[in-house]
1. Sort out for me the Cα centre separation of the range 213-231 from the range 119-136, rounded to whole Å.
2. Just to verify a number: FRET efficiency for residue 33 and residue 234, C-beta to C-beta distance, R0 = 41 Å, to 0.05?
3. Determine, for 22, 153, the number of other Cβ atoms within 10 Å of each Cβ, and report the residues in order from fewest to most.
4. What whole-number distance in Å separates the alpha-carbon centres of the range 23-84 and the range 148-177?
5. At each listed q (0.10, 0.11, 0.14 Å⁻¹), what is the log10 of I(q)/I(0) that the Debye formula gives for the chain modelled as equal alpha-carbon point scatterers?
6. What does the helix-only formula give at 222 nm for the chain: each DSSP H stretch with n ≥ 4 adding -39500 (n - 2.57), the total divided by the residues, and the result rounded to the nearest 500 deg cm²/dmol?
7. Quote to one decimal, in nm, the extra length available between residue 189 and residue 25 on full extension: 0.36 nm per residue of separation minus the C-alpha distance between them.
Ligand SMILES: C[S@@+](CC[C@H](N)C(=O)[O-])C[C@H]1O[C@@H](n2cnc3c(N)ncnc32)[C@H](O)[C@@H]1O
C-alpha cells in the first residue's frame, strides 16, 4: 500500500528531519533579513534580487513551490496574471502556516511532504503535469545525500510540470564555484549542525542532474550560488 504524505514525513531519515526542523517561528522571523539580506549578499555573494529576477523570468500561472520558507519570493515576484494558482510543499508545518499566511491573497494550497520522496500525486491537491512552473530556491543545499539522491527533487519537479513548464531556483555549492574564506567557514558550521548538506555539491554535478531531466538548461553562477532555470521536455516520454 502507498504510504500517505504524513506517513512519508514520519518515515524520513533523521538528517532529513533535522534539515527542516531548524525553521521554527523565531528563525523564520529573522530569515528574510539575515539569510536573504545579510548572508546572500555578504557571505554567499549573490544578492537576492538575482533570485527574484529568476522568479520573474520563470514563474507561471500554476506554480508549485518546493521548500517554501517564508515565501519571500512568491510574495514579491511578478506572476503572469493577477490570480495565480499556488501550491506550497514543505516538510515543516510551521513553514507551511507562515508562508501560506504571507501569501494568503493567492489562497495557496499547502502540502506537507518530504521533497526527497515521491510527492503524493494521487492527492487531489497536487496534479502530475498540472503546473506551469516549479520553484526550488535555496532548497538543494539543505537536503542530505549525493546528487543522485537529491535528484529525487528534480524527478518530482519534472512529474509536476506540463510539457515545456519551467523548473528554476538556486542553491549554494561548495565546489566548482568561487568561495571566500567566510563562506567556507559558515558552510563548515552549517554542515556540522545539519542545517546544510552541501559538502558534495559541485557545479558539474548540478548541471548533470538538470541535463538528465530537462531541456534548455541554464545555470548562472554568482558568488558560490548557482541559479538555475530549465524547461520540462516537450515530449513527456523523454
Ligand atoms: C533555506 S529554506 C528556503 C526557503 C525559500 N525557498 C527561500 O528561498 O527563501 C529551506 C526550506 O526547505 C524546507 N525543507 C528542508 N528539507 C526539506 C525536505 N526534505 N522536504 C521538504 N521541505 C524541506 C525547509 O522547511 C525550508 O522551508
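1. Taking the Cα centre of the range 119-136 as reference, the centre of the range 213-231 is 21 Å away.
2. Numbers: r = 41 Å, r/R0 = 1.01.
So, using R0 = 41 Å, E works out to roughly 0.50.
3. 22, 153
4. Their Cα centres are 16 Å away from one another.
5. Debye output, listed in q order: -0.41, -0.51, -0.86.
6. -10000 deg cm²/dmol
7. Details: separation 164, 0.36 × 164 = 59.04 nm, distance 2.15 nm.
Value of the extension gain: 56.9 nm.
FYI, it's all coordinate maths here, none of it is from the lab. Model, not experiment: these values are computed from the prediction. FYI the Cβ positions are ideal-geometry reconstructions off the backbone, even for glycines, and counts take in every protein chain you see.
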